[in-house]
Amino acid sequence: MALMMGVQSAAQRHIFFAERQAAKIDDVPADTKLREIKRVGVIGAGTMGGGISMNFLSAGIPVTIVEMQQDALDRGTGVVRKNYEATAAKGRMKPEQVEQAMGALKPTLDFADLAECDLIIEAVYETMEVKKDIFTRLDAIAKPGAILASNTSYLNIDEIAACTKRPEDVVGMHFFSPANVMKLLEVVRGDKTADDVLATVMALAKKIKKVAVVAGVTYGFIGNRMLMPRQVEATKLLLEGASPEQIDKVHVAFGMPMGPFQMSDLAGVDIGWHRDPSRIENIRDALAAENRWGQKTKAGFYDYDEKRTPRTPPRDGNHRRFPRQVGRHPARDQRRGDCRPHALHDGQRRRADPRRGQGAARVRRRCGLDLRLWLARLSRRPDVLGAVRGPGEGRRGAGEIRLPGGEVAEGCCGIGRSPEVIAHDRLVRANAF
C-alpha cells in the first residue's frame with residue numbers, strides 16, 4: 001500500500017496516461033481518413049537514415065533508401081544488416097526474419113526511384129540549403145498524395161515546405177538517435193500541414209512502435225529545446241577546464257542514462273555542422289572539422305575502440321570505471337524503491353579487513369559508518385533502507401541497525417520483519433536520517 005500511494009507510483013501513472021494523451025490531437029477528427037503507406041523512401045544511408053529504415057523494415061513495410069555514392073550506400077546497408085544480425089545473435093530475431101527484412105530494403109543511387117514511395121523521409125545534413133534542394137527535387141518526382149517528411153531536429157519546417165508546390169503534404173518526423181532504438185518521435189506540424197497527413201503519420205508511428213508527440217514549428221522543437229540549456233552549461237564547464245568524463249560522470253551519478261558528451265558522440269558531433277573547416281564557431285565545429293564525429297568515426301569527445309567503448313575508460317577520483325556500476329540486482333533494488341545503482345563514497349565502501357592477511361580479502365567490514373549496515377549501495381529513498389546479505393552475512397548482528405540512543409532494531413538478521421518494515425517503522429520515526 002505504501003508503494004502504491006508513493007510518488008513513484010504516481011509518476012508511472014502520469015507517464016502511462018501522458019503517452020496516450022500525446023497521440024490525441026484535439027483539432028483533428030478521430031475519423032479522419034488516413035493515407036495508405038505501402039512503401040517508404042529514405043534519403044541518406046548514414047547513422048540516422050539506416051536507423052529510420054530499420055523501423056519500417058521491422059514493421060514489414062518495404063523501404064527504398066537513396067544515397068549519392070556507392071560506397072556510402074554499401075556502408076549504410078552493411079550497418080543495417082550488422083544490426084539485424086546482432087539482434088538475431090541475441091535470440092530476438094530468427095535468421096529468416098533478418099533475410100526477410102533485408103529483402104524488403106531496396107538500396108539505390110537513383111533519386112527517381114523514390115517516385116514509387118508513399119512516404120519519403122529526408123535524413124541528410126542539418127543544413128537548410130541542402131534540405132531545400134532535396135525538397136525541390138522531391139516536389140518534381142514524388143507522386144501526388146505522397147507525404148514529404150524531414151528528419152530535421154532544429155530547422156523551420158514551414159521554410160522547407162515553401163520550396164514545394166504542395167506544402168500541405170510536408171511534415172516533420174524527427175527521430176532520435178539511435179533511430180531504431182529510441183521510442184520518441186517528434187511529429188512537427190507546419191502551418192499548412194494537412195490533417196490527414198498528420199493523422200497518417202501519427203498512426204504510422206504507432207505501427208512502428210514509437211511514442212509520437214506533435215510539436216509546433218520552433219527552434220529545437222521539444223526534446224532538443226529541453227536539452228539545450230544542459231548542453232550550454234556543460235560546454236561552459238568544458239571551457240573552464242573540466243573534462244568531458246568529469247561532466248558526464250556527474251550527470252550519470254545524478255541518475256541520467258548518459259551525460260551530454262556521451263550523448264553527442266552517440267548522436268553525432270557533426271549534427272548541425274555547416275561543413276566548412278575554415279568556419280569554427282564552437283567546440284563541436286572544431287571537433288567536426290577534425291573528422292571527430294563521434295562513435296561513427298571512433299573519435300569525438302572521446303576516443304573509441306572497435307566495440308565503440310572508450311579506449312581510455314574515463315575514471316573518477318576513486319579510479320573506478322565510468323559509468324559507475326555497483327552491481328545491479330533489479331528485484332532487490334526495487335524492493336528498496338529504486339532500481340538504479342547508487343555508489344558509496346570512500347567512507348561507505350566495503351574494504352578488506354586490515355586485521356586479516358592478504359589471503360583473507362573476502363572478509364569485509366564497514367569503515368566509517370555509524371550505522372552498521374551491509375549494503376551494496378544506499379537507496380535514494382530515505383524512507384526505505386534494507387540490509388543486503390551475501391554468503392555468510394545472515395548471522396545475527398551482521399545487519400543490525402543501531403538507533404539513536406544505542407537501541408538495536410531487531411529483525412534485521414533474516415529471522416524477523418523485513419528490512420523495509422524495520423527501516424520504515426523504526427528509523428524514519430526515530431529521525432535516524
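Bear in mind that the values in this text are calculations on the coordinates, not laboratory data. The shown structure was predicted, so the numbers you read here are calculated from the model rather than taken from an experiment. When we count neighbours, we look across all protein chains shown, and the Cβ atoms used for this are built from the backbone with ideal geometry, even at glycine.
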Subject >> Relative contact order [Cα under 8 Å, 6+ residues apart], the range 3-128, whole percent >> reply: 32
Subject >> Filter on Lys165/Lys296; Lys249/Lys296; Lys82/Lys131; Lys33/Lys207; Lys33/Lys94 - keep pairs with C-alpha separation over 26 Å >> reply: Lys165/Lys296; Lys82/Lys131; Lys33/Lys94
**OP:** Calculate the spin-label point distance for Glu96 paired with Glu306, positioning each point 7 Å from the Cα along the beta-carbon direction, and give it in nanometres.
**Re:** 3.3
Original post:
Out of residues 5 or more away from Leu184 or on other chains, whose amide H comes under 5 Å of its own, with H placed 1.01 Å from N in the peptide plane?
Top reply: Val211
Original post:
For the residue pair Tyr154 and Ala289, what label-to-label distance in nm results when each label sits 7 Å from Cα along the Cα-to-beta-carbon direction?
Top reply: 1.6
**OP:** Could you tell me which chymotrypsin sites (Phe, Trp or Tyr not before Pro) in the range 152-257 are loop residues by DSSP with no more than 12 other beta carbons within 10 angstrom of their beta carbon?
**Re:** Tyr219
Subject >> Most positive-pole-ward Cα, Ala146, Gly172, Met182, against dipole of the range 146-198 from beta carbon charges >> reply: Met182
Original post:
Of Leu73, Ala30, Ile43, which is farthest along the charge dipole of the range 22-78 in the positive direction, counting Lys and Arg as +1 and Asp and Glu as -1 at C-beta?
Top reply: Ala30
Subject >> Those trypsin sites (Lys or Arg not before Pro) in the range 147-196 that DSSP places in a loop and that have at most 16 other beta carbons within 10 Å >> reply: Lys165, Lys183, Lys192
Original post:
Could you give the length gained on full extension between Lys82 and Ile15, defined as 0.36 nm per residue of separation minus the Cα-Cα distance, in nm?
Top reply: 20.8 nm
**OP:** Name the residues whose placed amide hydrogens come within less than 5 Å of the amide hydrogen of Lys106, ignoring near sequence neighbours (fewer than 5 apart) on the same chain.
**Re:** Val63, Thr64, Ile65
Original post:
What residues have an amide H closer than 5 Å to that of Ile147, excluding those fewer than 5 places away on the same chain, when H is modeled at 1.01 Å from N in the peptide plane?
Top reply: Leu119, Ile120
Subject >> Cβ-derived FRET efficiency at R0 45 Å, Leu109 paired with Lys33, nearest 0.05 >> reply: 0.80
Original post:
Whole-Hz Karplus ³J(HN,Hα) for the range 190-196, in order, using 6.51 cos²θ - 1.76 cosθ + 1.60 and θ = phi - 60°, x for Gly and Pro?
Top reply: x, 4, 10, 5, 5, 4, 5
Original post:
Per Stokes-Einstein, at 4 °C and 1.567 mPa s, what whole-number D in µm² s⁻¹ belongs to the range 78-205, with the Kirkwood radius over Cα pairs as the hydrodynamic radius?
Top reply: 81
**OP:** Could you list the residues of the range 100-139 with an amide nitrogen less than 11 Å from a label point located 7 Å from the Cα of Lys165 in the Cα-to-C-beta direction?
**Re:** 139
Original post:
Put a dot 7 Å past each Cα toward the Cβ at Lys24 and Ile280; how far apart are the dots in nm?
Top reply: 5.3
**OP:** Estimate the FRET efficiency between Leu239 and Met1 by the formula 1/(1 + (r/R0)^6), using the beta-carbon distance for r and 41 Å for R0, to the nearest 0.05.
**Re:** 0.20
